[in-house]
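S.K.: So that we are looking at the same thing, I have put the structure below in structure tokens.
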Amino acid sequence: MKTWVVGAIALAVSVAALGCSDPPKGPPVAAADLCKEWSGAICEAGRSCCSRTVSGDTKGCIEVHKARCAAELLPIVADPRTGYSAARAGEWVAGLRAARDRCSTASDGADGAESSGLIGFVTAFDGTGEVGADCTPTDPTLRQLLLSRLSCGPKNRCRLTLRSNGSLRGDCEALPPDGRRTADDLACSHLHDCRFDEWCDLPDPWRPGLWGECQPPRADGWRCGSAVECRGRQCPGGPDGGMPTCSTPTGDQRYCPPSVEARDGGVGDGGTGDGGAGNPGDGGPG
């Protein structure tokens with residue numbers, strides 16, 4: 001039997017706000033159990049919420065996602081600098097299951113609709129670095145940059161600069177307070193150097209030492225370069241090969257695997273969405 005996999009595991013900056021002010025409550029999830037709980041929730045969501053007949057096996061889906069989780073997420077969870085919280089991880093998984101129960105999409109505002117994306121993931125960490133702590137990443141990959149950011153705590157950021165010899169340096173700095181921010185406040189040194197409800201507009205190609213500016217997410221219909229810029233977490237090409245524009249994935253785009261058998265026997269093409277319970281985002285740690 002063909003293994004059924006719901007979308008991609010890679011995490012990116014989710015630019016949509018959480019669907020509710022009070023996250024759903026759930027039992028604590030120990031670090032050792034995170035991949036099992038997360039993988040089960042997203043695979044069950046696809047099975048429950050995809051409107052087309054899914055050919056495949058949920059157990060196989062879970063095993064594939066557990067392996068990807070172990071490779072991509074557990075290094076961040078296991079690092080003592082990030083301060084993993086089992087209680088808040090339980091809220092994250094509970095939010096994902098709430099989204100599944102409602103078959104939520106990012107646009108419907110339902111409880112838990114976005115808690116499966118990066119905003120939900122980052123709330124599971126306290127961070128151990130105070131302002132001034134050394135958060136220098138081992139390399140400038142997205143996973144290491146996210147780890148460095150999380151190590152500084154939820155109210156801080158990890159700012160990258162170059163030493164006089166050209167080597168990389170990271171320092172934990174306080175995020176600017178709410179309200180009017182200066183140009184220095186909005187400047188960002190890497191993808192994860194903004195608030196998690198914003199994105200960093202960096203030069204392309206980017207390398208450490210080049211800076212950008214934190215931007216609010218783009219609404220549906222606005223031109224985009226990648227899904228990280230979009231509130232709906234999707235940046236597909238326009239009709240007839242036109243310019244890519246932001247959009248919000250439909251329920252099937254969010255929950256169906258990349259190819260499923262339609263009820264009339266045809267082949268579907270779901271799974272193109274980003275940021276939902278079945279597809280936590282693109283371009284993320286790695």
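The values are calculated or read from the model by the stated rules, or taken from the named source; none is laboratory data. Computed from a predicted model, the values in this text were never measured in an experiment. Positions of Cβ are backbone-derived with ideal geometry, glycine not excepted, and every protein chain shown enters the neighbour counts.
S.K.: Identify all residues within region 32-46 that are at pLDDT 70 or above and not acidic (Asp, Glu); write none if there are none.
M.R.: Result: Ala32, Leu34, Cys35, Lys36, Trp38, Ser39, Gly40, Ala41, Ile42, Cys43, Ala45.
S.K.: Then there is this: Working carefully through the options Leu160, Leu186, find the one that is touching a Leu at 6+ places or on another chain (Cβ under 7 Å), of a type in the set (A, V, I, L, M, F, W, C) and surrounded by 13 or more Cβ atoms within 10 Å (Cβ to Cβ).
M.R.: Leu160
S.K.: Also, quick follow-up: Considering each residue of region 158-191, count those that are touching a strand residue (DSSP E or B) at 6+ places or on another chain (Cβ under 6 Å), among the charged types (D, E, K, R) and more than 19 Å from Pro203 (Cβ to Cβ), and give that number.
M.R.: Counting residues in region 158-191 that are touching a strand residue (DSSP E or B) at 6+ places or on another chain (Cβ under 6 Å), among the charged types (D, E, K, R) and more than 19 Å from Pro203 (Cβ to Cβ) gives 4.
S.K.: For the structure I just gave you, tell me whether Ala133 is buried (at least 16 other Cβ atoms within 10 Å of the Cβ), at pLDDT below 85, of a type in the set (A, V, I, L, M) and more than 21 Å from Ala30 (Cβ to Cβ).
M.R.: no
S.K.: Just to be sure I understand, how many residues within region 198-218 are more than 19 Å from Cys135 (Cα to Cα) and not in a loop (DSSP other than H, G, I, E, B)?
M.R.: Of the residues in that region, 7 qualify.
S.K.: Now for a different question. When residues of region 142-185 are filtered for being over 21 Å from the mean Cα position of the chain (by Cα) and not basic (Lys, Arg), how many remain?
M.R.: So the answer is 21.
S.K.: Within region 178-197, can you find the residues that are part of a loop (DSSP other than H, G, I, E, B) and not basic (Lys, Arg)?
M.R.: Asp178, Gly179, Thr182, Ser189, His190, Leu191, His192, Asp193, Cys194, Phe196, Asp197
S.K.: Could we say that Pro249 is over 24 Å from Asp79 (Cβ atoms) and either modelled with pLDDT under 95 or touching a helix residue (DSSP H, G or I) at 6+ places or on another chain (Cβ under 8 Å) (or both) here?
M.R.: Criteria met by Pro249.
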